[in-house]
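Shown next, in C-alpha cells, is the structure this report addresses.
The values are calculated or read from the model by the stated rules, or taken from the named source; none is laboratory data. What you see is a predicted model; the values in this text were computed from it and never measured. With ideal geometry, Cβ positions are generated from the backbone for all residues, glycine too; neighbour counts draw on all protein chains shown. These accessible areas exclude ligands, DNA and RNA; they are computed on the full protein's heavy atoms, side chains included. Shrake-Rupley method; radii C 1.70, N 1.55, O 1.52, S 1.80 Å.
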Amino acid sequence: LVQRLEASDTFGLVSYSDDATIDLAPARVGDRRAAHAAIDRLVPGGGTHIEAALHEVSKIAPVRRHPSDALLVILLSDGIANIGQTNPDALAARARALFDERGVLTTTLGVGTAFDEETMLAIAREGSGSYHFVRRSEDIAGILEDELEARAEAVAQNLRLR
C-alpha cells in the first residue's frame, strides 16, 4: 500500500492490541521511509481493543485538503474485540461517527478463518467503507491495492439534485 501512494498523499498508522498507539501521525508520505519504519516496528501480541484503535484514529484523522481527497481508515483484524467495547453495533457507531464528523471511510479486512464477521461487516457498513475477507496473509497486498484504486477513482463531483 505504501508503495502505491504518491509522495503528496497522507499516511498514518495506529496499532492496537491491549491498547492503541499512534505509531505514525498522518503526514505526507514523501520518500516513504517513515511509513516503512513505522510498519517495521509493529510487533504482534496482546488482545484486540478495536474501540481504542478507532478512538485514536478519531484524534488524528486527516483533514480533506481537496474535494477529491479520499479519507480512508483500513482496519485489519480478526474482529474478535475482547478488550473495551465488544458490542459490534457500538463499534460500528464509532466508525459511523468518524464518517459523519470527518468524512473518513472505514474499510475492514477480516483476517484468518476464525474471525468475527459480524463485527467487521458492521464497522465497514456503518463506516461507509468496504469489507474484505482475507484467508491468507499474502492476499492482503492485492486487496489493499484494489481498495486504494477504488477509492482513488472519482465517480462524480459537485452533483446537484433537483
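Here are a few things to note about the model shown:
- Å² per residue, accessible surface of the stretch 1-61 at 1.4 Å: 55 Å²
- Spherically averaged projected area of the convex hull of Cα atoms, the chain: 9.8 nm².
- Computed over all pairs of different Cα atoms, the Kirkwood value for the hydrodynamic radius of the stretch 1-97 is 14.4 Å.
- Each other residue within a Cβ distance under 12 Å of Arg96 adds +1 if Lys or Arg and -1 if Asp or Glu, for a net charge of -1.
- Counting protein heavy atoms only, the chain has 50 percent of its accessible area on carbon and sulfur, 1.4 angstrom probe.
- Once the Cβ-Cβ distance of Glu145 and Asp69 is raised to the sixth power relative to R0 = 25 Å, the FRET efficiency obtained is 0.85.
- Length available on full extension from Asn87 to Arg33: 0.36 nm per residue minus the Cα-Cα distance, which gives 15.7 nm.
- Å² of accessible area per residue within the stretch 64-103, as computed with a 1.4 Å probe and no ligands counted: 56 Å²
- Taking 16 Å as the cut-off, the amide N atoms of the stretch 126-151 that come nearer than this to a point 7 Å along the Cα-to-beta-carbon line of Gln3 belong to 138-149.
- Taking Cβ atoms as reference points and 13 Å as the exclusive limit, the residues near Gly46 contribute a net charge of -3, counting Lys and Arg as +1 and Asp and Glu as -1.
- 11 Å beta-carbon shell around Gly110, net charge (K/R +1, D/E -1): -3
- Sparse-neighbour loop sites [trypsin sites (Lys or Arg not before Pro); the stretch 1-92; at most 16 other C-beta within 10 Å; DSSP]: Arg32, Arg41, Arg64, Arg65
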